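Structure first, commentary second.
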């Protein structure tokens, strides 16, 4: 399959296209991981607009206020206490990765694989490792270790400092969904290479950024993205980032 990355940098004030105008195969990236890592947590794009770009994804909220899970077109916010909120369309994000989810591969895993073992298993079935991949894993998890972070105050610290205050949650024998992406090494600088997954329980009461897990009986779905739309902030903080 021919690789064709289309990177479009949009100003924050640009007129947004409707979902009907967009390629469903395109992955939409709001800002970059290096910008977030440097402490650029100020939201600049409302979720009502982000949802025009996809119904599946991960990200965070204004001020780095928790972990975002976008699943079946609904935005969930895992707060620092581990509970899950449903923000409105006017809530804003500084960083998000979303896509319309149209799975191209499916499979079952009935083994008690760890997060690392699951990554290796998925890598072994991929048709290519060189394009971004949306990953959905749904079913019973014997164990889940996840995190969330508290909202940060200005002047914002670097992400490494903010994560010193993360809260870690452990769950056992829970049914839920892991949502996220695998980025190829070629796109390091937009996102971290490898897998980045968030989690939400079936009853939408708990979740977080996945640190580790042990599978029970799950199904996975994979969706490759051959176009990348990258939207960057137009704020002075981003323009002056070194």
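Answer with yes or no whether residue 90 is surrounded by fewer than 23 Cβ atoms within 10 Å (Cβ to Cβ) and either within 16 Å of the chain's Cα centre (by Cα) or under 27 Å from residue 170 (Cβ atoms) (or both).
Here the answer is no, as residue 90 does not meet what is asked.
Given the conditions (1) in contact (Cβ under 8 Å) with a residue 40 or more places away in the chain; (2) out of contact with any strand residue (DSSP E or B) (no Cβ under 8 Å at 6 or more places or on another chain); (3) not assigned by TED's automatic domain parsing to the domain that holds residue 203, and given that residue 153 satisfies all but one, which numbered condition is not satisfied?
(3)
Of 211, 215, which residue is assigned to a strand (DSSP E or B), touching a helix residue (DSSP H, G or I) at 6+ places or on another chain (Cβ under 7 Å) and touching a residue at least 24 places away in the same chain (Cβ under 8 Å)?
Sole residue among the options that is assigned to a strand (DSSP E or B), touching a helix residue (DSSP H, G or I) at 6+ places or on another chain (Cβ under 7 Å) and touching a residue at least 24 places away in the same chain (Cβ under 8 Å): 215.
For the stretch 212-226, state whether one or more residues are touching a strand residue (DSSP E or B) at 6+ places or on another chain (Cβ under 9 Å), at pLDDT below 95 and surrounded by 14 or more Cβ atoms within 10 Å (Cβ to Cβ).
yes
For the stretch 72-87, give me each residue that is within 14 Å of the chain's Cα centre (by Cα) and either at pLDDT below 95 or surrounded by fewer than 24 Cβ atoms within 10 Å (Cβ to Cβ) (or both).
72, 73, 74, 76, 77
Considering 135, 131, 179, which residue is in contact (Cβ under 8 Å) with a residue 12 or more places away in the chain, surrounded by 20 or more Cβ atoms within 10 Å (Cβ to Cβ) and more than 24 Å from residue 75 (Cβ to Cβ)?
Only one candidate passes the filter, namely 131.
Kindly evaluate residue 19 against the criterion of being modelled with pLDDT under 95, out of contact with any strand residue (DSSP E or B) (no Cβ under 6 Å at 6 or more places or on another chain) and loosely packed, with under 11 Cβ neighbours inside 10 Å.
no
The values are calculated or read from the model by the stated rules, or taken from the named source; none is laboratory data. Predicted, not measured: the structure shown is a model, and the values here were computed from it. With ideal geometry, Cβ positions are generated from the backbone for all residues, glycine too; neighbour counts draw on all protein chains shown.
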